[in-house]
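Reading through the structure tokens given below for one structure.
The values are calculated or read from the model by the stated rules, or taken from the named source; none is laboratory data. Small disclaimer: the values here were computed from a predicted structure and weren't measured. Neighbour counts are summed over all protein chains in view; Cβ atoms, including those assigned to glycine, are modelled from backbone coordinates with ideal geometry. In case anyone asks, the SASA skips ligands and DNA or RNA and just uses the protein heavy atoms, side chains included. Shrake-Rupley method; radii C 1.70, N 1.55, O 1.52, S 1.80 Å.
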There are 2 protein chains.
Amino acid sequence: MPEPRKPRKDAARNRAAVFAAADALFADCRSPEEVTMADIAAAAGVGKGTLFRAFGDRTGLIRALFEARLEPLGNAIEEGPPPLGPATPPPQRVPALLDALLCFKLDNRHLAQALEGTGADSPYRTEHYERWHTLLRDLLRRVPAPADSDFTAHALLAATRADLVAYLADEKGARREELRGQLAKFTAAVLGGTM
Amino acid sequence: MPEPRKPRKDAARNRAAVFAAADALFADCRSPEEVTMADIAAAAGVGKGTLFRAFGDRTGLIRALFEARLEPLGNAIEEGPPPLGPATPPPQRVPALLDALLCFKLDNRHLAQALEGTGADSPYRTEHYERWHTLLRDLLRRVPAPADSDFTAHALLAATRADLVAYLADEKGARREELRGQLAKFTAAVLGGTM
DNA sequence: TACGATACGGACCAGCGGTCCGCTTTTTCC
DNA sequence: GGAAAAAGCGGACCGCTGGTCCGTATCGTA
């Protein structure tokens with residue numbers, strides 16, 4: 001691992017400014033598509049070239065931002081205390097993970113929608129989805145479930161898709177606790193049957 | 001209902017030509033985004049203006065094509081024989097509907113992906129999704145399920161999202177019967193618990 | 001056949017993601 | 001501290017896409 005040399009001071013500052021600007025813009029607009037790269041650059045006070053050099057393309061920027069926001073949750077899962085951390089027995093951990101994921105998507109629904117709607121490359125080919133799926137699948141294998149663990153993991157994750165969550169919350173007026181309860185019940189049905 | 005006057009002969013012919021051309025183009029290309037309106041117009045042997053006059057915009061064209069392809073299935077559900085038709089008791093009809101939907105999305109995955117990935121307007125705000133959801137929800141209410149019928153209907157439909165299906169089939173190499181079996185088992189788990 | 005209504009089609013436009021390269025800032029080294 | 005080199009900056013610029021427009025060709029009708 002050849003220590004990639006620390007970035008310059010202004011580069012770091014700009015990166016943070018871009019994150020903040022993009023976050024705000026995505027939060028405000030109804031559809032992620034109406035936030036253009038030029039908008040983000042302007043709001044962050046940088047040039048468009050800077051955006052593309054730092055993140056490659058639009059998808060790269062969204063992905064980087066998403067990962068950054070997701071990092072705390074990722075840490076809590078990898079090395080945190082129960083019920084998210086690795087010490088939790090699977091039957092409790094699976095619902096906890098899904099609940100945390102739902103909450104995250106609720107809180108960051110605009111960003112998550114931007115990520116999942118990048119179009120060309122489906123949300124499934126990302127390394128980030130792979131992580132969640134593998135984690136969930138392995139946990140499901142350790143709880144005697146009636147259905148195939150691999151597919152079940154996909155199906156459970158599909159229930160927390162950003163556009164579905166946003167639709168239920170924004171169009172249908174579903175409340176946060178309501179959604180959490182529904183997802184919990186659904187998960188329980190999938191897992192145990194008897195609840 | 002003011003009988004909307006029958007369309008001109010050439011208009012009807014062009015409409016069919018556009019459908020055929022679009023279908024073929026979507027089937028061939030990897031990502032629906034790389035099929036442009038100009039491509040479709042050229043392949044159908046019509047001008048671009050004709051496309052937009054007939055369908056409004058890109059989304060309208062995709063939607064019209066999708067609905068057209070879905071019509072046979074829709075009829076089978078509304079007035080066909082069991083297990084899809086209305087005479088079927090809910091516990092058998094729900095899995096049958098989901099299976100039929102999965103098969104349809106498998107057969108028309110490119111088109112379905114184009115539809116769901118139109119970006120701006122989420123797939124959920126369409127009248128077509130509303131139909132499926134309502135039908136499924138009402139059926140679920142008539143079978144004593146442990147979880148909320150409304151949410152469960154959304155979750156089950158999410159398991160057949162076009163990009164997920166395409167991902168499993170194309171990237172993961174899942175076979176058709178394999179997927180059908182997995183969805184059936186998953187559905188059974190959600191419905192009955194005991195299977 | 002002649003005429004009005006309807007539909008055609010391709011030149012045209014605005015706006016997007018993405019590139020490029022001359023210029024500025026930062027770091028490095030003596 | 002200063003100069004040279006490296007790293008980064010930014011906005012003019014490009015190709016392409018969805019979408020518009022209107023003169024022209026075609027269809028239905030009498």
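Is there any pair with a first residue in segment A:126-153 that is over 18 Å from A:Phe104 (Cβ atoms) and a second that is of a type in the set (S, T, N, Q) whose Cβ atoms are under 6 Å apart and which are 6 or more apart or on different chains, and what are they?
Every condition considered, the pairs that remain are A:Arg137/A:Ser149; A:Leu140/A:Ser149; A:Leu140/A:Thr152; A:Arg141/A:Ser149; A:Asp148/B:Gln182; A:Phe151/B:Gln182.
Among the residues of segment B:43-93, what is the count of those that are open to solvent by less than 70 Å² (accessible area, probe 1.4 Å), away from DNA strand D (no atom under 16 Å from the Cβ) and within 20 Å of B:Thr118 (Cβ to Cβ)?
Number of matching residues: 3.
For segment A:122-135, name all the residues that are under 30 Å from A:Glu33 (Cβ atoms) and more than 8 Å from every other protein chain (Cβ to nearest Cβ). Full working, then the answer.
Applying the first criterion (under 30 Å from A:Glu33 (Cβ atoms)) to segment A:122-135 yields A:122-133.
Once the filter is applied, which keeps residues that are under 30 Å from A:Glu33 (Cβ atoms) and more than 8 Å from every other protein chain (Cβ to nearest Cβ), segment A:122-135 yields A:Thr126, A:Glu127, A:His128, A:Tyr129, A:Glu130, A:Arg131, A:Trp132, A:His133.
Could you list all residues from segment A:159-195 that are surrounded by fewer than 20 Cβ atoms within 10 Å (Cβ to Cβ), basic (Lys, Arg) and at the interface with chain B (Cβ under 7 Å from one of its Cβ atoms)?
The answer is A:Lys185, and nothing else.
Counting only residues that are in a helix (DSSP H, G or I) and either in contact with a Pro (Cβ under 9 Å, 6 or more places away or on another chain) or more than 9 Å from every other protein chain (Cβ to nearest Cβ) (or both), how many does segment A:136-151 have?
Within segment A:136-151, the first condition is being in a helix (DSSP H, G or I), and the residues that meet it are A:136-141, A:149-151.
Next, from what is left, pick out any that are either in contact with a Pro (Cβ under 9 Å, 6 or more places away or on another chain) or more than 9 Å from every other protein chain (Cβ to nearest Cβ) (or both): A:136-141, A:149.
So the count comes out to 7.
Restrict the check to segment B:82-104 and report whether at least one residue is more than 14 Å from every other protein chain (Cβ to nearest Cβ) and closer than 20 Å to B:Ala21 by Cα.
Yes, segment B:82-104 contains a residue that is more than 14 Å from every other protein chain (Cβ to nearest Cβ) and closer than 20 Å to B:Ala21 by Cα.
Need pairs with beta-carbon distance below 7 Å; first residue in the same structural domain as B:Arg8 (by TED's automatic domain parsing) and within segment B:38-60, second near DNA strand C (Cβ under 7 Å from one of its atoms) and in a loop (DSSP other than H, G, I, E, B); sequence gap 6+ or separate chains.
B:Ala41/B:Gly47
Of the residues B:His133, B:His154, B:His110, which is touching a helix residue (DSSP H, G or I) at 6+ places or on another chain (Cβ under 8 Å) and either among the basic types (Lys, Arg) or open to solvent by 30 Å² or more (accessible area, probe 1.4 Å) (or both)? First the steps, then the outcome.
Numbers: B:His133 fails: either among the basic types (Lys, Arg) or open to solvent by 30 Å² or more (accessible area, probe 1.4 Å) (or both); B:His154 fails: either among the basic types (Lys, Arg) or open to solvent by 30 Å² or more (accessible area, probe 1.4 Å) (or both).
B:His110 is the lone residue from the list that is touching a helix residue (DSSP H, G or I) at 6+ places or on another chain (Cβ under 8 Å) and either among the basic types (Lys, Arg) or open to solvent by 30 Å² or more (accessible area, probe 1.4 Å) (or both).
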